[in-house]
Amino acid sequence: MAKKNVNHNPENNQAVGEAVSGLEQFLKKNGNLLSTIVLVILIAVCAILALNRWVLKPAQQEARAAAAGADRYFEAAAYEQALNGDGNVLGLADIISQYGKKAGAGVYFQAGVCQLQLKNYAEAIEYLKKYNGKDKILKARALSCMGDAYVGLGDNAAALAAYKSAIKTSDTALTAAYLLKAGIAAEDLGLKDEALGFYNDIKVKYPNSIESLDIDKYISRINAE
């Protein structure tokens, strides 16, 4: 059996030895510093875990419990009580003021919808802009509601931009509603071709939607001009 030829390079061995020696010297020289750094990191990790367990989570639970009454009013479409409370139950405005994001992203969406329904359009936009939930359906709805608020303020250009964002965000049948709103806003701005594009998208892509039932009326109106 042939012996395996192992090439022992003295220069390589010397380099390895120097590297090991250098590491040993570094550890001896900086051992206390490294220990301090490790200790600081451990203390920071423990502090973060303790903060999350004993401060943040209880605050979140308290905020969600406080929002329960406002949730019930919101689901019942009692927007004034949902937003401002009833004297016994905190409203969304107070919950946001006291707890902020600890109450969850949904409170900003709900507060924005309440303000929109109460025709407080600037306030609605302020709340809706702060909604940063990950749910695509709610995000698209928030953008659409923002567009409605801009319409209420007479800013159709901003409304159209919000509706376009809602369309891009949405991937459900609700997109047809956003397309219709975008088309109407575009028409009001004199953007007939763009409006026609939105209406045709409803007709072609969402033929079973409620919006498609009367969409030929909108298309014919533009084509007749």
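Here, each number is a calculation from the coordinates, and none is a lab measurement. Please read these numbers as outputs of a predicted model, since none were measured by experiment. Quick reminder, even Gly has a Cβ in these numbers, built from the backbone with ideal geometry, and neighbours come from all protein chains shown.
Some values worked out for this structure:
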quantity: Which listed pairs, of Lys168/Lys203; Lys130/Lys203; Lys134/Lys164; Lys102/Lys164, have C-alpha distances above 27 Å, in listed order; calculated: Lys130/Lys203; Lys102/Lys164
quantity: Positive-end residue, segment 61-175 charge dipole about Cα centroid, Cβ charges, pick of Ala103, Ser165, Ala93; calculated: Ser165
quantity: Extension gain (nm, one decimal) between Asp216 and Ile137, 0.36 nm per residue minus Cα-Cα; calculated: 25.7 nm
quantity: Mean Cα-pair separation over length for segment 97-156, i.e. relative contact order, pairs under 8 Å, 6 or more apart, %; calculated: 33
